[in-house]
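These notes are about the structure you will find just below.
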Amino acid sequence: MSQSYDRGIVEDYGRWREFSPGMWAWVLHKFTGWILIGYLFTHIAVLSTVLDGGATYTETIQGLESLFIVRIMEIGLLAVAVFHILNGVRLLMIDLGIGLDKQAASFYVSLVVTAIIVIASIPTFLGEVGV
Amino acid sequence: MSTETYRSSFTRGSTLWLLQRVTAAFLIVVLAFHFFQLHFVNHAWEIDFAGTQARMSNLLYFTTMWLFLVTATFHGVNGVYNALINQGLSGRPHQVLKWVLIIAGAGLILQGTRVALVMAGIDLP
């Protein structure tokens, strides 16, 4: 039988010192989600240069990619996206009732795998920058 | 809160809850593919209009990217909506937020669709 209760304001970030790994996972999922939706709007805005012609599009993309700061931001975006994906898989598993007793461990695994993928991708993301 | 309001909120919430999970499952695969395709298979700094047009002229690729746009927009906008509801937003601000997000999401999908069509070499009317 389902029950309802008033859980109050869920996102009380003032209690961060009391957060468990599950709460940190939840907060980081929100944080990375905000970045990704912000990026989606920015991404479509940049790609919209194609409406001014193929040459403008190519110049815009290659101009941005020639900037070191853009490459650094792309690595940041990769970290955000990979964590959101891995933690998202973890959340889907939890929704399905899989690994309920390993929620903390799977959060740490998400962080470690994110770090490994991002560090391994850095050479590719910094390729030919400024050349 | 009336029982009727509670029921309708519950029904709508359940559908959005399920759609958030269904789009998540799709996005896990397509976001990973997108990153891999445009950073590792093709390097981002080598992207030009000709290459983009070649990829987007493939109907399967075009369809996948358009579904990526629609599902990512829904998942992101609904995620923002849920986050702000969890912050305790209710009443008139809740209604304003809902419509701002719906309009922003619809605008993004419309603009993204125009971009996708031009990328595929289709002239806009």
remark   = The whole-number value in µm²/s of the Stokes-Einstein translational diffusion coefficient for the stretch A:68-131, with Rh from the Kirkwood sum over alpha carbon pairs at 37 °C and 0.692 mPa s, is 254 µm²/s
ask   = What nm value, rounded to one decimal, do you get for the distance between B:Q87 and A:A45 when each label is placed 7 Å out toward the C-beta?
value = 1.9 nm
task = Bin width 5 Å, alpha-carbon pairs only: give the P(r) of the stretch B:3-119 as whole percents, running from 0 to the bin holding the largest distance.
result = 2, 10, 15, 20, 17, 12, 9, 7, 5, 2, 1, 0
message = Inside 10 Å of the C-beta atoms of A:97-108, what's the mean count of C-beta atoms belonging to other chains?
response = 0
task = With springs connecting C-alpha atoms under 10 Å apart, model chain B as a Gaussian network and identify which of B:G79, B:G112, B:G51 has the largest mean-square fluctuation.
result = B:G51
key: Residue exposure sequence - A:Y108, B:Y61, A:Y57, A:Y39 - by fewest surrounding Cβ within 10 Å   = A:Y108, B:Y61, A:Y39, A:Y57
query = Nearest 20 debye, what's the magnitude of the dipole of the stretch B:3-119 about its Cα centre given +1 on Lys and Arg Cβ and -1 on Asp and Glu Cβ?
reply = 400 debye
ask   = Taking neighbour Cβ counts within 10 Å as the exposure measure, how do A:M73, B:M119 sort from fewest upward?
value = A:M73, B:M119
request  = Just tell me how shielded A:68-75 is by partners: mean number of partner chain Cβ atoms within 10 Å of each residue's Cβ, no decimals.
outcome  = 1
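All of the numbers you see were taken from the coordinates with simple rules; none came from a lab. Keep in mind it's a predicted model, so treat the numbers as computed, not measured. FYI the Cβ positions are ideal-geometry reconstructions off the backbone, even for glycines, and counts take in every protein chain you see.
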